[in-house]
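The values are calculated or read from the model by the stated rules, or taken from the named source; none is laboratory data. Please read all numbers here as calculations on a predicted model, not as lab measurements. Cβ coordinates were reconstructed from backbone atoms using ideal geometry, including for glycine residues, and neighbour counts include every protein chain displayed. To get the accessible areas, we keep the full protein, side chains included, count just its heavy atoms, and leave off ligands, DNA and RNA. Shrake-Rupley method; radii C 1.70, N 1.55, O 1.52, S 1.80 Å.
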Amino acid sequence: GMRLVLKSVALSIGAMVNVSAVLLMFFIVFGILGVQVFAGRFYRCSDPDVEFRYQCEGSYYDAVTGDVTARTWSNSHLNFDNLF
């Protein structure tokens, strides 16, 4: 029962390491490609009506909160600026 399961898992560890190494190489290759193509492209202004950085100055009326808010140029939390 359980002995056979543990023996099978122990014997398959080598194959799982090989598959994991191949997957890691694919992730690294596509991660490098994503950094090359998308690095710095996810910066946005806090004002949704503003598209370019030079326009993202001053303040704007936020209709959701009803407050006047300063515009800020910031990067998305999930971005392709690095592999981490």
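Taken together, the criteria exclude Phe42 from residues that are open to solvent by 80 Å² or more (accessible area, probe 1.4 Å), within 18 Å of the chain's Cα centre (by Cα), of a type in the set (Phe, Trp, Tyr) and within 25 Å of Asn82 (Cβ to Cβ). Restricting the stretch 44-84 to residues that are assigned to a loop (DSSP other than H, G, I, E, B) and among the small types (Gly, Ala, Ser) leaves a set whose member that is nearest to Leu33 (Cα to Cα) is Ser76. Scan the stretch 17-35 and give yes if some residue there is touching a Leu at 6+ places or on another chain (Cβ under 6 Å) and either hydroxyl-bearing (Ser, Thr, Tyr) or open to solvent by less than 90 Å² (accessible area, probe 1.4 Å) (or both), otherwise no. Checking the stretch 17-35: at least one residue is touching a Leu at 6+ places or on another chain (Cβ under 6 Å) and either hydroxyl-bearing (Ser, Thr, Tyr) or open to solvent by less than 90 Å² (accessible area, probe 1.4 Å) (or both). Is it the case, given these coordinates, that Val19 is assigned to a helix (DSSP H, G or I), out of contact with any His (no Cβ under 6 Å at 6 or more places or on another chain), farther than 22 Å from Asn75 by Cβ and aliphatic (A, V, I, L, M)? Judged against the criteria, Val19 is a match.
Of all the residues in the stretch 46-69, those that are in contact with a Ser or Thr (Cβ under 7 Å, 6 or more places away or on another chain) and open to solvent by less than 60 Å² (accessible area, probe 1.4 Å) number 4. Close contacts from the stretch 37-59, counting a first residue that is in contact (Cβ under 8 Å) with a residue 40 or more places away in the chain and a second that is assigned to a loop (DSSP other than H, G, I, E, B), with Cβ to Cβ under 7 Å and a gap of 6+ residues or different chains, come to Phe38/Phe80; Ala39/Phe80; Ala39/Asp81; Gly40/Asp81.
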